[in-house]
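The values are calculated or read from the model by the stated rules, or taken from the named source; none is laboratory data. This one's a predicted model, so the numbers in the text were calculated from it and none came from an experiment. No Cβ is skipped: glycine too gets one built from the backbone with ideal geometry, and neighbour counts run over all protein chains shown. With ligands, DNA and RNA removed, areas are computed over all heavy atoms of the protein, side chains included. Shrake-Rupley method; radii C 1.70, N 1.55, O 1.52, S 1.80 Å.
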Amino acid sequence: PILLLYLPFNTTPEHAIQLTLKRISGDFKRTFVAPNLQRGFVGIPLSSTEVFLPVDEPLEWTFKLYCGGIDDVGDRSPYFVRAWIARIDSSTLAHPIPESTSVQYLSESYRDNALWYDALVVLGESMLGTSPAINTRSLWRQLLVDGGFEAIANEPHIQYLTIPEK
């Protein structure tokens, strides 16, 4: 899976990031110097960590940004996001997810199954691709508006953050 968040300002190596994933089977915590990220949407692929997400086990994740760098971690209040994600058994879905189809249809299939992260990820990956679908940007905006995020629906930037190894 890919975690998604909105970053309201640019980051630099002067900042520090702490990502915590809480699972029944044990926590994952990584603190590292922030890379240069632009204001906008950030996707964090969990495949870049040693995290395995079992089916139907909710995962609470927290992304903390410390503006004073690594030395501030734990001492000052960070900017943070906390959310939950769960991997589900696809055989339990109300609407089957097609194997391969258009970006729009695939995103709509995820949305119709209440798989919001997946619906956005499909559109975001298309927008980052070499030949994005013509209407991908408008579908992205509409999905954000439908989710109550109209204030940031027009943010143009999407990027990925790879969690460094220990």
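Dimensions of the stretch 87-166 along principal axes (Cα, Å, largest first)?
Here the Cα extents, ordered largest to smallest, are 38, 33, 28 Å.
Please tell me the relative contact order of the stretch 34-160 in percent, rounded to the nearest whole number, where contacts are Cα pairs under 8 Å and at least six residues apart. Before the final figure, lay out each step's value.
Working: 130 pairs, mean separation 33.1, N = 127.
Normalised by residue count, the contact order of the stretch 34-160 is 26 percent.
Quick one: length gained pulling D112 to E165 fully straight, 0.36 nm per residue minus the C-alpha distance?
Result for the pair: 15.5 nm of gain on full extension.
Ordering E150, E60, E99 from largest to smallest accessible area (1.4 angstrom probe), what's the sequence?
E99, E150, E60
Limiting things to C-alpha atoms, what are the Rg and the maximum Cα-Cα separation (Dmax) for the chain, in angstroms?
For the chain, the Cα-based Rg and Dmax read 16.6, 49 Å.
Please give me the summed charge of the neighbours of G68: other residues whose Cβ is under 11 Å from its Cβ, Lys and Arg +1, Asp and Glu -1.
Details: positive: R76; negative: E14, D71, D72, D75.
Around G68, the charge tally is -3.
Label T101 and L128 with points 7 Å out from Cα along Cα→Cβ: what is the distance between them in nm?
Between T101 and L128, the label points sit 2.4 nm apart.
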